[in-house]
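A.B. asks: Have a look at the structure that comes next, please.
Computed from the coordinates by the stated procedures, all read-outs in this text should not be read as laboratory data. Because the structure is predicted, anything quoted here is derived from the model rather than measured. Cβ coordinates were reconstructed from backbone atoms using ideal geometry, including for glycine residues, and neighbour counts include every protein chain displayed.
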Amino acid sequence: MGQRDSGVHRILSVPWLYDAVQGLMGAGKGRREFVEQTVRPAAGDRILDVGCGTARILSCLPRDVEYWGYDVSPAYIDAARARFGGRAIFVCGELDEPALARLPRFDIVLGSGLLHHLEDVEARKFLSLARVALHDDGRLVTIDPCYAPDQKLVARVLVRCDRGRNVRTPEGYRALAEAAFRRIGGTVRHRGWIPYSHWVMECRP
């Protein structure tokens, strides 16, 4: 996934430590805003979350959605299953063409904090798979750290320290999506405390 092989990376591979750090960074409020403003799930939606981690976003989703979470970390998937039980379907593994062929089509595909961990070739592959996974009227929704001209210096420094080695500008993320999607929208969201900048992107076939 292009992540730094560092002590921080190893520490954050422990689910409860990862969740604790996310909580300190204000991820809970950010997740709720992301779901309310961008994901906008409807009753009965089928949602595929690629790189779901410990699936904390499920706490912000309606209980009647059909949620599928994919992650390559057994520890994260075990933590997600322990927390949410039979409320969702969790798969430990990489989403590829054979796996996708066995899945239903989805109303929403989520890539929450995923693209900035992927090299360009990997990112384009994910975006192509996401397009295939969607209904013709479905949506891909992503959120990732970004560099932006109007971001605060502290936010730029924190983004530069992110575990993901492929943080991009909004234009960079958009350019990757153009190979798979015709309609692409997005916005930069600056968080005040702790200062951070995200690119939130919504793509449609």
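A.B. asks: Scan around residue 134 for amide H atoms under 5 Å from its own, H built in the peptide plane at 1.01 Å from N, and keep only partners 5 or more places away or cross-chain.
C.D. replies: Residues meeting the amide H criterion: 106.
A.B. asks: What translational diffusion coefficient, in µm²/s and rounded to a whole number, does the Stokes-Einstein relation yield for the stretch 91-153 at 25 °C and a viscosity of 0.890 mPa s, taking the hydrodynamic radius as the Kirkwood radius over Cα pairs?
C.D. replies: In µm²/s, the coefficient is 187.
A.B. asks: What percent of all Cα-Cα pairs in the chain falls in each 5 Å bin, counting up from 0?
C.D. replies: Bins of 5 Å from zero give 1, 7, 16, 21, 22, 18, 11, 3, 0, 0 percent of pairs.
A.B. asks: In deg cm²/dmol, rounded to 500, what helix-only [θ] at 222 nm does the chain give when every DSSP H run of at least 4 residues adds -39500 (n - 2.57) and the total is split over its residues?
C.D. replies: Computed mean residue ellipticity for the chain: -9500 deg cm²/dmol.
A.B. asks: Within 10 Å, at most 14 other Cβ atoms, and a DSSP state outside H, G, I, E, B define an exposed site. Report the longest part of the chain free of exposed GluC sites (Glu not before Pro).
C.D. replies: 1-93
A.B. asks: Which value in nm describes the separation of the simple spin-label points at residue 96 and residue 152, placed 7 Å from the Cα toward the beta carbon?
C.D. replies: 4.4
A.B. asks: With a cap of 10 neighbouring Cβ atoms within 10 Å, and only residues DSSP puts in a loop, list the chymotrypsin sites (Phe, Trp or Tyr not before Pro) found in the stretch 118-205.
C.D. replies: 193
A.B. asks: Go through the stretch 94-110 residue by residue and turn each phi into a ³J(HN,Hα) via Karplus (6.51, -1.76, 1.60, θ = phi - 60°); whole Hz please, and just put x for glycine and proline.
C.D. replies: The phi angles translate into 9, 6, 9, 4, x, 5, 5, 5, 8, 9, x, 8, 10, 7, 9, 10, 9 Hz.
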